[in-house]
Amino acid sequence: MSSGPVLRAMGLRKVYGDFVAVDRVDLEIGRGEIVGLLGPNGAGKTTTISMMVGLVPPTSGDLVVEGRSVRRDPVWVRSRVGLVPDSPGFYDGMTAWENLWITARLNGVRDESRIQDAISRVGLSGWEDVAVGKFSKGMKQRLGIADALLKSPSVLLLDEPTAGLDPGGSDEVLRLIRSLADGEGMAVLMSSHLLHQVEWVCDRVAVMDRGRVIAQGTLDQLVGRRYYVEMELDGDVNAAARALLPVGKVKVEDRRIVVEAGEDVRRKAVDTVLRAGAVPVEVRMRRAGLAEVYRNLLEAGS
Ligand SMILES: Nc1ncnc2c1ncn2[C@@H]1O[C@H](COP(=O)(O)OP(=O)(O)O)[C@@H](O)[C@H]1O
Ligand SMILES: [Mg+2]
């Protein structure tokens, strides 16, 4: 296999009538890498994932998996990309093994030992003969991952894999996803609107809004060096705010001023405020998290 990205989306676009659901998405996923696809409802995450797995034909653009284009080798690309849909559909009355057996048949997987193998890879050994109706949501989600692994894909796409799970179930699923990337070199894309989960498990993040990827990079690249100095002031808050304009981006909330800058400007901010005749009674500094960056991005786009 080449050393390039396992999956590469180039200008993927989907138009319904005159509505652009996904607008020229460029995205790469490398071996062993987990990319988080973040965005509010309606951003185009599910449509993007559906195009990557061949469920929805792109209006334009291309998808290349391990160097082969979906336009030329659609069947092959589909065989290399595993999908865990947002709600995996299983027959509740049938056992885990029986459910996977159906998928194996549909995918032309003849070797039945692969079913047991997939079940053990997601940590469900011992549960193969239990009816799926008895599974917790977290276990069902893990079985959904086993289902996607049956065809031995090199890319795993997960659409909101922790939706509806309690924190314990989410942790289990995210740890499993991480171990598939670390242990087996799986290239993973997972969509989510839950920032802290993406922050915890993903190597890179692409933020989508209204069909477009509005930012993409490692967490460090996205969060960058943003520092926030918060001050509670006595005295003329407005005069202090004006004086602070050269120090950073200033926001006034009641008697509180927040200065955003590319470095820690605590000392400079306090000096400036004092010179403007106000007194900082409380000073705090914090660095931006992904939540802040995400909010800023979405605000800037609207
Ligand atoms: N088959 C379809 N026909 C028309 N519009 C669609 C279709 N599928 C999705 N959309 C629209 O495309 C946009 C993106 O949807 P989706 O990809 O499901 O977003 P997300 O998964 O980020 O919530 C939404 O506005 C949705 O209503
Ligand atoms: Mg969706």
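A short reminder: the numbers here are calculations on the coordinates, not readings from a lab. Just so it is clear, the model here is predicted, and its values are computed rather than measured. Using ideal geometry, Cβ is built from the backbone for each residue, glycine included, and neighbour counts are taken over all protein chains shown.
Checking the stated criteria, VAL81 turns out to be under 22 Å from the mean Cα position of the chain (by Cα), hydrophobic (A, V, I, L, M, F, W, C) and away from ligand 2 (no atom under 16 Å from the Cβ). Exactly one residue out of VAL20, VAL25, VAL56 is buried (at least 21 other Cβ atoms within 10 Å of the Cβ) and either in contact (Cβ under 8 Å) with a residue 12 or more places away in the chain or among the hydroxyl-bearing types (Ser, Thr, Tyr) (or both): that is VAL25. Pairs meeting the criteria (first residue in the range 39-51 and touching a residue at least 24 places away in the same chain (Cβ under 8 Å), second residue part of a helix (DSSP H, G or I) and within 8 Å of ligand 2 (Cβ to nearest atom), beta carbons under 6 Å, at least 6 apart or on different chains) are GLY39/LYS45.
Restricting attention to the range 120-129, the residues being part of a loop (DSSP other than H, G, I, E, B) and of a type in the set (S, T, N, Q) number 1. Here is the figure for the range 96-119: residues that are surrounded by fewer than 16 Cβ atoms within 10 Å (Cβ to Cβ) and in a helix (DSSP H, G or I) total 6.
Number of residues in the range 161-179 that are surrounded by fewer than 20 Cβ atoms within 10 Å (Cβ to Cβ) and under 23 Å from ASP220 (Cα atoms) equals 4. Answer yes if at least one residue in the range 22-39 is on the phi > 0 side of the Ramachandran plot, more than 12 Å from ligand 2 (Cβ to nearest atom) and of a type outside the set (Ser, Thr, Tyr), and no otherwise. Yes, the conditions are met somewhere in the range 22-39.
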